[in-house]
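Structure, as structure tokens:
The values are calculated or read from the model by the stated rules, or taken from the named source; none is laboratory data. For clarity, every value in this text was computed on a predicted model and none was experimentally measured. Cβ sites come from the backbone with ideal geometry, for glycine too, and all protein chains shown count toward neighbours. These area figures cover heavy atoms from the full protein model, side chains too; ligands, DNA and RNA do not enter into them. Shrake-Rupley method; radii C 1.70, N 1.55, O 1.52, S 1.80 Å.
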Amino acid sequence: MPRAIPRQRKTAGRVMHEFKHGELRSGPQGKGGKVKNRRQAIAIALKEAGNSRYESDRKNRRNLARTERKEARGETYQQEAEGRSHVGARGRRESSRAMHGKNATRTTARGRKRHVQRSRRDGDATKRELYLRAKAKGVEGRSKMTKRQLENAVH
């Protein structure tokens, strides 16, 4: 069995965290009740991480993709219990062991994106920023405008 990639280890760690805190539930939409057996929790963690020996490669990839979407939407039990929208470093440096520990040098994609938005000058605003300004001003028909039209409407 190939070694788990960092993303899979992170997901498995999150599931085991949920188990430890009594938040892990089995079955569709958690209708099977709380998981009390450590072995079952490990099986769920491996399945969610797409690292199960009992699933095909295709199913493992599908399970990992499903889990990534769930985490991105903030719908894991850990995120709901702790009031977070994103498991990880929230745009700052990744600090999980899976992402090279405390002194990680890479920022998350979310953080890089925010940095790019901040570094743009006023004259070089993104279409999204222009749209938000137009919305604040109450410009009619802004959703159908091009970037150039939005620039003219805002200025």
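When the range 27-53 is examined, which residues are found to be over 19 Å from L64 (Cβ atoms) and either under 22 Å from the mean Cα position of the chain (by Cα) or not aliphatic (A, V, I, L, M) (or both)? Passing the criteria: G27, Q29, G30, K31, G32, G33, K34, K36, N37, R38, R39, Q40. Apart from one condition, R118 fits all of (1) open to solvent by 90 Å² or more (accessible area, probe 1.4 Å); (2) modelled with pLDDT of 85 or more; the exception is (2).
Being open to solvent by 60 Å² or more (accessible area, probe 1.4 Å) and outside any helix (DSSP H, G or I) is the filter; apply it to the range 24-41 and report the residue that is nearest to E82 (Cα to Cα). Walk me through how you get there before you give the answer.
Step one: of the range 24-41, the residues open to solvent by 60 Å² or more (accessible area, probe 1.4 Å) are 25, 28-29, 31, 34, 36-40.
Now restrict to residues that are outside any helix (DSSP H, G or I): 25, 31, 34, 36-37.
Numbers: R25: 16, K31: 21, K34: 18, K36: 21, N37: 23 Å.
It comes out as R25.
For V35, the stated conditions hold: it is in contact with a helix residue (DSSP H, G or I) (Cβ under 9 Å, 6 or more places away or on another chain), of a type in the set (A, V, I, L, M, F, W, C), within 17 Å of M16 (Cα to Cα) and modelled with pLDDT of 60 or more.
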